[in-house]
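Beneath this line is the structure, given in structure tokens, with notes to follow.
Computed from the coordinates by the stated procedures, all read-outs in this text should not be read as laboratory data. The model shown is predicted, which means the values in this text are computed figures rather than measured ones. Cβ placement follows ideal geometry from the backbone for every residue including glycine, while neighbour counts extend to all protein chains displayed.
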């Protein structure tokens, strides 16, 4: 098992896929902290096992719509909530898979969770002093950290 890669390496890995597929590229964030304006929705998943790693993607409403539109090949006016959730899950799943391979982790990937409860998102943001990337083209923060994140969302 290898440590989390440096932010520049993760940005390179993710951008190699997203530039072609979605027209998005990622760069290391200036600070390894949550981006408070990018918490309309978050997708989180776990690379579960002896060395758990949490992976998340957070965005504002406009960023979510642009991501879903790019992924589904339509305009932002044709995007619905289900498409947004699917796009967030797909990108966080792809990132977790890249990390799993880069870190040589022989561990299972969990099913991504979508969180839109503001208090839960704030609790998560306080816990992940982690590797943080941001998209150049739109408001998306992509992050990873060692360990499990804990939160409780309000029942829908």
query = Can you give the FRET efficiency for residue 72 and residue 50, using 1/(1 + (r/R0)^6), R0 = 35 Å, r = Cβ-Cβ distance, to the nearest 0.05?
reply = 0.45
ask   = Can you give the calculated 222 nm mean residue ellipticity of the chain, where each DSSP H run of n ≥ 4 adds -39,500 (n - 2.57) and the sum is split over every residue, rounded to the nearest 500 deg cm²/dmol?
value = -12500 deg cm²/dmol
Relative exposure of 136, 51, judged by other C-beta atoms within 10 Å (fewest first) = 136, 51
query = Fewest first, what order do 109, 67 take by the number of other Cβ atoms within 10 Å?
reply = 109, 67
request  = Please report the Cα spread of the chain along all three principal axes, rounded to whole Å, starting with the longest.
outcome  = 43, 38, 29
remark   = The residues 26, 72, sorted from fewest to most surrounding Cβ atoms within 10 Å, come out as 72, 26
